[in-house]
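Worksheet for the structure shown next.
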Amino acid sequence: MPDTTKQPGAEGAGANLPARQRIRFPGISSRAYEHPADRSALVALRKLQGFDAILKQLHGMLSERSVRLAFLAGSVRTSDQQFRRLHDMAREAAYILDMPQVPEVYVTLDPQPNAMAIGMDKPFIVVTTGLVELLDDDEMRTVIGHEMGHILSGHAVYRTMLLLLTNLSLSLSGIPLGTLAIQAVIAALREWFRKSELSCDRAGLLVGQDPDVSMRALMKIAGGSHLHEMSTDEFLVQAAEYDAAGDIRDSVLKLMNVFGRSHPFPVVRVAELKRWADGPEYQAILAGEYPRRDEDPNASVRDEAKASADAYRESVRQSADPLFGLLRDVVGGAADAGGRLRDKFTGRPGGGTGTATAPPPPKTAPDDAPRPGTGSGTANGNGTDEGPAGAGDPPPGSGS
């Protein structure tokens, strides 16, 4: 059963919680909310003993300490006396996700709505005044939960690898073909990073526990504070239109538009979050059925890689994008052609080889045998009738 008690967590998590009771997830692993592609990469990285230590050495801990000192000197750190609402939200989020400690939260003057989780050694969260002024308390809680998700998953590893490889790519830019392999790795890292944003949108939902609020926050990040002029349902219609937009040319343009981005577009994030919130995984977590942190060392890289491949395959199957539709047709046509060739050369029925024989005479059914169309079977033989799949999971860094 889920934990709904208000017990103090580590370093004050759970203290001064808002009146509304939310479910707590003791010992929850980040694998519970991570997108399969994100989870697969993280599980593989965690198997590399000492990998994070090497990254820290390469990146330089002085750099992280310098950034924290800069925010300590030039921004406002939340506390019981400063931005107390945000301070309480951070403690609540850490309590719900059973974080080992409550990260510091800084508010920095910037009209651009943004939030980010910074650091590998002692991570902290930064939110801009633009975001504080844009979102209400419930919406801000989901953003704080989103950033807690980045910290719990250890997504700073992606950010650090991207930074190192990007700098290396720039240093090799004068060497012919010197950056091709690096650019391929950078492209893969950006794809993982985009999936990590979908993961942490789910973490924000686990903290806020209201899908409508989570989707509303993303919609306001896209369109501003005039909520009375916007509709979540219509925004989801936009998402479906974007998914199915135009022809093959539009599909190519969409791929080009997203190629260099660290974050998916807001309509994509809203659609993906709605799909996850309506699915069985979210409900299972709320019911207390989720992977635990102490099971992480036993996670299988092979199983997670298969889950990642299955997720991409399902995404292609569900998408209404014309390019994905063409790929499905091509793959399906190739499979049909391969089946026909196999039948032809193996002599299976329909292949046109082998000795022709007369079909056996039909058997006479007894009077009490069920007639066609009157039985109790199902379309796929397992008690269900599978219909078509339903329609549809901002700023740089590990931000919102």
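Coordinate-derived values only; no laboratory data. If you're wondering where the values come from, they're calculated on a predicted model, not measured in any experiment. As a convention, Cβ positions derive from the backbone with ideal geometry for all residues, glycine included, and neighbour counts pool all protein chains shown.
Taking 0.36 nm per residue of separation and subtracting the Cα-Cα distance, what length does fully extending Ala287 through Arg65 add? Mind dumping the intermediate values first?
Details: separation 222, 0.36 × 222 = 79.92 nm, distance 3.98 nm.
Once the chain is fully extended between Ala287 and Arg65, it gains 75.9 nm.
Sorted largest first, the spans of the alpha carbon positions of the range 237-279 along the three principal axes are 32, 23, 14 Å.
Extension gain, Met256 to Val237, is 4.6 nm, computed as 0.36 nm per intervening residue step minus the present C-alpha separation.
Most tightly packed first, judged by the mean number of other beta-carbon atoms within 10 Å of their residues, the peptides 210-223, 267-280 read 210-223, 267-280.
Looking at the range 93-135 alone, DSSP beta bridges between its own residues are antiparallel in about 50 percent of cases.
What is the packing order of peptides 282-288, 195-201, 150-156, taking the mean over residues of other C-beta atoms within 10 Å and listing the highest first?
On the way: 282-288: 14.6, 195-201: 26.6, 150-156: 24.7.
In descending order of packing, they fall as 195-201, 150-156, 282-288.
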